[in-house]
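The structure appears right after this line, and notes come after that.
The values are calculated or read from the model by the stated rules, or taken from the named source; none is laboratory data. It should be emphasised that the depicted structure is a prediction, and the values quoted were computed from it without experimental measurement. Here the Cβ is made from the backbone with ideal geometry for all residues, glycine too, and neighbour counts use every protein chain on show.
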Amino acid sequence: MAFLHFVGDGDRDSASVPPLVAQILGKEFRCLVKTWKDIRVRGGFAKKATYALAQAADAGANAAVITGDRDKGERRELLRSFLSARNHARNSYGLHAAVGVADPHGEAWLLDDPHAVRSALSLPADTEIPEVSDGYPKDLLQSLINDSGRSDDSTFDVLHDIAVDVRLDRMRSASDTGFRDFVQDVENELRHL
């Protein structure tokens, strides 16, 4: 079984990004998940990403996945930092890495598939799921969770359950949120697994 090393913005991404990648690849894998705050390197995302991928190689990972949220920085700059780190990792360690920048953050990737949200929250089929552009996706999604029968469940469990059912072909704004690019990158970088 493949071993993937994940680095993302926070605990909520730790709950959702690995199942999103498993869904994209159609494969299970072992994983180690870290957050950017766990990477104690000064110098911005480029240095942190380079260091994170070196850690992945040292840990014996078959590949890595690094993601960030656009609300932490400008999307192109963040993506450039990740791509630079990936090129270094590939040339130095032979490590493949998929990269993605969620716009504005990872919850947008989940909220953008109304079917996955309704299903995980056991909402009626006619329940209106807000568009990503209707507000702050993290708050919109949390409001849906709070109003559902799963309001007492762990938010991380709920986010995981939404993520395992997300499908690109059901999303309304996958290009705007960065998810379409992320799916393509995962498919290109990790198909060898």
Inset, instruction - Hand me the list of helices (runs of 4 or more DSSP H) wholly inside segment 56-129 holding 2 or more residues that are among the basic types (Lys, Arg) and modelled with pLDDT of 95 or more. - result: 75-93
Legend entry - Tally of residues being assigned to a loop (DSSP other than H, G, I, E, B), crowded, with 16+ Cβ neighbours inside 10 Å and without any contact (Cβ under 8 Å) to a residue 40 or more places away in the chain across segment 1-40: 1
Inset, instruction - Under 8 Å between Cβ atoms, at least 6 apart or on separate chains: pull out the pairs that start in segment 149-175 with a residue that is closer than 20 Å to residue 14 by Cα and end on any residue that is surrounded by fewer than 13 Cβ atoms within 10 Å (Cβ to Cβ). - result: 150/122
Legend entry - Residues being under 16 Å from residue 179 (Cα atoms), of a type in the set (A, V, I, L, M) and touching a helix residue (DSSP H, G or I) at 6+ places or on another chain (Cβ under 8 Å) - total across segment 1-37: 5
Legend entry - Selected residue (criterion: surrounded by the most Cβ atoms within 10 Å (Cβ to Cβ)) from residues of segment 111-127 that are of a type in the set (S, T, N, Q) and closer than 14 Å to residue 158 by Cα: 119
Inset, instruction - Scan segment 142-184 for residues that are closer than 16 Å to residue 109 by Cα, of a type in the set (S, T, N, Q), surrounded by 14 or more Cβ atoms within 10 Å (Cβ to Cβ) and over 12 Å from the mean Cα position of the chain (by Cα) and jot them down. - result: 142, 155, 173, 184
